[in-house]
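**Q** Take this structure first; my questions come after.
Taken together, the values in this text are just the output of simple stated rules run on the coordinates, not laboratory data. Computed from a predicted model, the values in this text were never measured in an experiment. Heads up, the Cβs are rebuilt from the backbone with ideal geometry, glycines too, and the neighbour counts pull from every protein chain shown.
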Amino acid sequence: MKVSYNWLKEFLPDLKISPKEVADILTFLGLEVELIEPFEDDTIFDVEVTTNRPDCLSILGVARELSTKLRIPLKIPEVRVEESKKATSDLTSVTIEVPDLCPRYMARLVFGVKVAESPEWLKKALQGIGVRPVNNVVDVTNYVAMELGEPLHAFDFDELFEHRIVVRLARPGEEIRAIDGRIYPLKEDTLVIADGKFPVAIAGVIGGKDTEVTDRTKNILLESGFFDPISVRRTSKSLSLTTAASYRFSRGVDYDIIPIASLRAAALIKEVAGGKILSSPIDEKLISPTPRKMSLRFHRIKTILGFDISPDEAEQTLNLLGFSTIERTPQEITVDIPARRADVEEEVHLIEEVGRIHGFENIPLVELPVVATKTSDEYEVLKRIREILWASGFCEVMSDVFVKDEGLINGFSFLSDAPPIFLRNPLRADEPCLRKSLIPALLKIYAYNQDYAGKNPELFEISKVFINKDGELPYEPYVLAIVTSLGYENLRSIILHSLLRKHNPRQATPLGYERLRGVIDTLFERLGISVEIKVAEVPIFAPECSAKILLSADKKELGIIGVLRNDIKEEIGVRDPLFVAEINLSEILPLVSLIHRFHPIPKTPEVLRDIAVVVDEEILWGDIKTLILNSKTPNLRSVELFDIYRGKQIPQKKKSLAIRLHFLDPERTLRSEEVDKAVTVLIEKIKKQTGALVRGLDIQ
């Protein structure tokens with residue numbers, strides 16, 4: 001809405017601040033000034049008025065805000081008119097058939113006007129705020145609408161059939177030619193202003209062409225009323241027609257200003273167009289607003305705003321805004337809510353008004369104490385796990401907790417065979433369950449990326465799952481799920497894998513599985529937890545590549561790892577082999593130490609020895625590693641597997657494991673003889689417990 005600085009000064013004679021300062025104040029009051037532009041000797045503000053403040057869609061409304069903020073008097077134009085002895089009610093009538101849509105309608109007659117061009121001051125006032133001058137009568141109605149916020153309309157009284165007004169709903173098949181020249185068909189729920197026979201205006205939206213004020217008009221009927229905002233908004237939308245009148249009526253106008261606006265317009269019409277104002281205007285007031293009062297407890301001001309405002313200041317602010325005092329006690333004040341402030345519904349709204357005028361920019365600065373807090377151990381452990389997986393090249397995803405209750409995989413969880421938890425009121429009917437596993441959603445995301453991005457991403461997710469506990473609260477552990485595939489990006493891996501399968505197709509381990517197994521081993525090693533991988537049957541994995549992850553200390557099941565079954569892979573639409581792991585992190589969180597232990601760099605050299613043992617395919621490296629570490633071999637610091645070989649020199653159903661042993665004594669340099677002796681003893685233990693053959697000794 002455009003607002004004139006000079007026009008504001010007519011309501012605020014003591015306004016001494018500059019237009020720029022006015023703009024700043026209005027913005028802080030919640031009426032944001034988006035643009036300031038000069039217009040001749042005036043300044044025009046483009047003000048953004050929020051939908052809950054229709055009382056500010058007028059010069060008077062904006063002036064009232066400034067008056068309250070600056071504590072300067074608000075001058076309301078004083079209207080005095082000389083009325084003729086002839087009464088309006090003797091010449092016309094008003095009938096309201098739908099009082100719920102038009103609770104109040106006022107008609108005033110002005111006879112003997114001379115329609116002509118408006119005087120310069122009136123045209124200038126309208127042009128400054130972007131309104132096109134039409135003629136002196138129409139311009140007055142627009143002027144008062146902008147000044148007081150009550151849209152008015154002037155009818156050519158002599159063109160009204162039977163010289164009367166009927167406020168009713170449109171009848172079937174009715175239409176109206178509006179003042180914009182267009183013909184609008186009227187729905188039966190459209191509120192219209194009619195004469196004795198035809199619609200002459202669409203209530204609250206636009207007037208009709210046949211009764212508009214023209215150069216031939218001598219007598220006018222001045223309309224001022226209140227129309228239901230919802231009805232006006234619905235009509236405006238259905239007709240795709242927004243006018244200055246509908247913009248205000250659809251937000252709600254001031255019920256109490258109707259007679260004031262009518263009298264003000266009549267006086268101005270007489271001033272600029274002559275004529276006589278008939279006495280006894282018709283004011284059909286069928287439904288009046290219910291008087292509202294509200295109390296403001298003074299102690300609540302600090303509770304809500306965070307700072308004190310004195311009771312005297314609070315009362316003065318409310319009074320200046322039009323909330324008249326009904327009663328005041330030391331504890332609270334009760335005020336009358338003006339009809340124009342439909343937005344004030346609760347005590348906090350009164351507090352907001354007091355705080356807004358006081359100025360939120362004037363809130364005193366309070367230094368708040370800053371207390372250092374420590375994140376939980378759980379958070380730190382999960383963060384460390386994420387960092388390890390990020391460093392390993394995996395991307396983290398976050399999926400929805402709701403899943404379907406059908407399909408080969410949606411009901412699976414290594415944690416429990418119990419049925420999933422069904423929601424009584426799910427957000428989506430096709431996903432009524434809480435997830436038992438992160439794997440289904442992770443596979444869905446993988447398939448989506450493969451189809452639309454042409455990528456084979458390596459994904460992981462850390463989140464909670466929900467396990468049914470038969471009437472008890474569900475078990476909600478943190479779970480880690482990982483998905484990877486061989487893909488087609490790593491050509492070298494594919495070639496090596498193909499060569500491996502060519503030499504021994506039945507025994508070659510998928511490279512994707514080795515990649516996933518390496519990540520799992522690295523994860524637990526970095527967390528300082530010893531685990532074992534045991535071959536075991538898992539329903540969603542292929543039998544030849546399926547295992548469980550166990551805690552070494554007590555053999556508790558921590559998770560699963562394996563290759564996804566082909567039928568499940570086909571169901572989700574994935575082309576490549578998928579290698580999947582899922583781990584119950586809630587079981588390992590208490591076992592992870594957040595203390596970083598550092599050891600000095602050894603002063604003595606490390607001695608390395610490599611051995612190659614041939615064992616049956618069923619024997620796992622994890623078992624041999626445990627055997628070596630528990631052998632109590634002197635000065636053995638660590639052991640690692642650096643190669644697995646299956647080839648011509650290796651018998652069927654066997655494999656060769658290349659093992660590197662690290663020996664170190666921090667106090668002295670080890671001699672080769674003692675290291676060799678320790679290795680010989682260790683080899684004998686391995687051979688005895690696993691039936692292994694040593695390459696270079698027992699086999700070539």
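**Q** For helix 439-452, what angle does its Cα long axis make with the longest principal axis of the chain, in degrees from 0 to 90 and rounded to 10?
**A** Tilt relative to the chain: about 70 degrees.
**Q** On full extension of the chain, what length is gained from residue 687 through residue 598, given 0.36 nm per residue of separation minus the C-alpha to C-alpha distance? Mind showing how you got there, number by number?
**A** Working: separation 89, 0.36 × 89 = 32.04 nm, distance 3.57 nm.
Stretched out fully, the residue 687 to residue 598 stretch lengthens by 28.5 nm.
**Q** To continue, here is another question. Measuring from centroid to centroid over Cα atoms, what is the spacing of region 259-307 and region 367-437 in Å?
**A** So the separation of the two Cα centres works out to 58 Å.
**Q** Could you work out the relative contact order of region 292-362? I mean the mean sequence separation of Cα pairs under 8 Å and 6+ apart, divided by the number of residues, in percent.
**A** RCO, region 292-362: 40 percent.
**Q** What is region 199-240 by shape, rounded, prolate or oblate, if you read a ≥ b ≥ c off the alpha carbon gyration tensor as root eigenvalues and call it rounded for a/c under 1.5, prolate for a/b larger than b/c, and oblate otherwise?
**A** On the way: a/c = 4.16, a/b = 1.96, b/c = 2.13.
Oblate is the answer for region 199-240, as a/c is 1.5 or above yet b/c matches or exceeds a/b.
**Q** Follow-up question, since we're still on this one. Grab the DSSP H runs of the chain that are 4 residues or longer, score each as -39,500 (n - 2.57), total them, divide by all residues and round the 222 nm result to the nearest 500 deg cm²/dmol. Show your work: numbers first, answer last.
**A** Working: 19 runs with 211 residues, N = 700.
The per-residue figure over the chain is -9000 deg cm²/dmol.
**Q** Please compute the modelled spin-label separation between residue 694 and residue 638, points set 7 Å along Cα→Cβ, answer in nm with one decimal.
**A** My value for the distance between the label points is 2.4 nm.
**Q** Using +1 on the beta carbon of Lys and Arg, -1 on that of Asp and Glu, and nothing else charged, what's the dipole of region 306-457 about the Cα centre, debye to 20? Kindly include the intermediate steps, with their values, before the conclusion.
**A** Values: 15 positive and 27 negative charges, 259 e Å.
In total the dipole reaches around 1240 debye.
**Q** Does anything in region 603-645 have its amide N under 12 Å from the 7 Å Cα→Cβ label point of residue 674, and if so which residues?
**A** 634-636
**Q** Could I ask something else about it? Quick one: if the Förster radius is 35 Å, what FRET efficiency do residue 664 and residue 384 give, using the C-beta to C-beta distance and rounding to 0.05? List each step's numbers first, then the result.
**A** Values: r = 27 Å, r/R0 = 0.78.
It comes out at approximately 0.80.
**Q** Which value, in debye to the nearest 20, gives the size of the charge dipole of region 291-371 about its Cα centre, when Lys and Arg are +1 and Asp and Glu are -1 at the Cβ? The partial results should precede the final answer.
**A** Numbers: 9 positive and 15 negative charges, 41 e Å.
So the dipole magnitude of region 291-371 works out to roughly 200 debye.
**Q** Name the trypsin sites (Lys or Arg not before Pro) in region 415-489 that are in a loop by DSSP and that have at most 14 other C-beta atoms within 10 Å, would you?
**A** Values: sites: 424, 428, 435, 436, 444, 455, 464, 469; in loops: 424, 428, 435, 436, 455, 469.
Of the trypsin sites (Lys or Arg not before Pro), the ones in loops of region 415-489 whose Cβ has at most 14 other Cβ atoms within 10 Å are 424, 428, 455, 469.
**Q** Figure the gain on full extension for residue 127 and residue 316 (residue separation times 0.36 nm, minus the Cα-Cα span) and round it to one decimal in nm.
**A** Numbers: separation 189, 0.36 × 189 = 68.04 nm, distance 3.63 nm.
Between residue 127 and residue 316, full extension yields 64.4 nm more.
**Q** Taking a threshold of 31 Å on the Cα-Cα distance, which of the pairs 632/655; 86/293; 85/293; 75/293; 469/555; 16/270 fall above it? Could the numbers behind the result be given before it?
**A** Details: 632/655 26 Å; 86/293 40 Å; 85/293 40 Å; 75/293 26 Å; 469/555 23 Å; 16/270 33 Å.
Long pairs (Cα-Cα over 31 Å): 86/293; 85/293; 16/270.
**Q** Choose one of 445, 562, 199: the residue whose Cα lies farthest towards the positive end of the charge dipole of the chain (beta-carbon charges +1 Lys, Arg; -1 Asp, Glu; about the Cα centre).
**A** Ranked along the dipole, the leading option is 562.
**Q** For residue 161 and residue 237, what is the calculated FRET efficiency with R₀ set at 35 Å and r taken between the beta-carbons, to the nearest 0.05?
**A** Values: r = 29 Å, r/R0 = 0.84.
Given R0 = 35 Å and the Cβ-Cβ separation, E is 0.75.
**Q** Once both axes come from the Cα atoms, what is the angle between helix 377-391 and the longest principal axis of the chain, in degrees from 0 to 90, rounded to 10?
**A** With both axes taken from Cα atoms, the answer is about 70 degrees.
**Q** Could you work out the relative contact order of the chain? I mean the mean sequence separation of Cα pairs under 8 Å and 6+ apart, divided by the number of residues, in percent. Spell out each step's value before the answer.
**A** Working: 1239 pairs, mean separation 62.1, N = 700.
Reported as a whole number, the value is 9 percent.
**Q** Please sort by residue number the GluC sites (Glu not before Pro) in region 295-340 whose DSSP state is loop and whose Cβ has at most 13 other Cβ atoms within 10 Å.
**A** Taking region 295-340 and a limit of 13 other Cβ atoms within 10 Å, no loop GluC sites (Glu not before Pro) are found.
**Q** Report, in whole Å, the centroid distance computed from the Cα atoms of region 529-566 and region 574-603.
**A** 16 Å
**Q** Angle, helix 258-273 long axis vs. longest principal axis of the chain, Cα atoms, 0 to 90°, nearest 10?
**A** 60 degrees
**Q** Sticking with this structure for a sec: Can you tell which of 664, 112, 385 lies farthest toward the positive end of the dipole of the chain, using +1 and -1 charges on the Cβ of basic and acidic side chains (Lys, Arg; Asp, Glu)?
**A** Most positive-ward Cα: 664.
**Q** Restricting things to alpha carbons, find the Rg to Rh ratio for region 292-362 using the Kirkwood radius for Rh.
**A** On the way: Rg = 11.0 Å, Rh = 11.9 Å.
Across region 292-362, the Cα-based Rg/Rh ratio is 0.92.
**Q** Got a sec to turn the phi values of region 33-38 into Karplus ³J(HN,Hα) couplings, 6.51 cos²θ - 1.76 cosθ + 1.60 with θ = phi - 60°, whole Hz, x for Gly and Pro?
**A** 8, 8, 7, 10, 9, x
**Q** Please compute the Cα-Cα pair-distance distribution of region 2-70 with 10 Å bins starting at 0, giving whole percents from short to long.
**A** 21, 63, 16, 0
**Q** If you don't mind, there's one more thing I want to ask. Which loop-located trypsin sites (Lys or Arg not before Pro) does region 608-689 contain, where loop means any DSSP state but H, G, I, E or B and the Cβ has at most 14 other Cβ atoms within 10 Å? Could you put the intermediate results ahead of the total?
**A** Values: sites: 609, 625, 632, 637, 646, 648, 653, 654, 655, 660, 668, 671, 677, 685, 687, 688; in loops: 632, 646, 648, 653, 668, 671.
Answer by residue number: 632, 648, 653, 668, 671.
**Q** Just how large is the dipole of region 22-115 about the Cα centre, in debye to the nearest 20, putting +1 at every Lys and Arg Cβ and -1 at every Asp and Glu Cβ? Each step should come with its number before you reach the end.
**A** On the way: 11 positive and 17 negative charges, 148 e Å.
Using Cβ point charges on Lys, Arg, Asp and Glu, region 22-115 gives about 700 debye.
**Q** Test of understanding: what is the full-extension gain from residue 631 to residue 285, defined as 0.36 nm times their sequence separation minus their Cα-Cα distance?
**A** On the way: separation 346, 0.36 × 346 = 124.56 nm, distance 10.23 nm.
That works out to 114.3 nm of additional length.
**Q** Tell me whether region 531-683 comes out rounded, prolate or oblate; compute the Cα gyration tensor, take square roots of the eigenvalues as a ≥ b ≥ c, and use a/c under 1.5 as the rounded threshold.
**A** Numbers: a/c = 2.71, a/b = 1.54, b/c = 1.76.
Oblate, because a/c is 1.5 or more while a/b does not exceed b/c.
**Q** Order the peptides 298-309, 248-259 from the highest to the lowest mean number of other Cβ atoms within 10 Å of their residues.
**A** Numbers: 298-309: 14.5, 248-259: 21.9.
For the peptides 298-309, 248-259, the packing ranking is 248-259, 298-309.
**Q** Which net charge results when you count Lys and Arg as +1 and Asp and Glu as -1 among the other residues whose beta-carbon is under 10 Å from that of residue 239?
**A** +4
**Q** Sticking with this structure for a sec: Which order do peptides 583-590, 226-233, 55-62, 595-602 fall in by mean Cβ count within 10 Å, highest first?
**A** Working: 583-590: 18.4, 226-233: 20.8, 55-62: 24.2, 595-602: 6.4.
Highest to lowest by the protection proxy: 55-62, 226-233, 583-590, 595-602.
**Q** Give me the distance in nm between label points sitting 7 Å out from Cα along the Cα-to-Cβ direction at residue 606 and residue 374, one decimal.
**A** Label-label distance for residue 606 and residue 374, simple model: 3.3 nm.
**Q** With a cut-off of 8 Å between alpha carbons and a minimum separation of six or more residues, what is the relative contact order of region 509-590 in percent? Walk me through the numbers on the way to the answer.
**A** Numbers: 114 pairs, mean separation 19.6, N = 82.
With pairs under 8 Å counted, the relative contact order is 24 percent.
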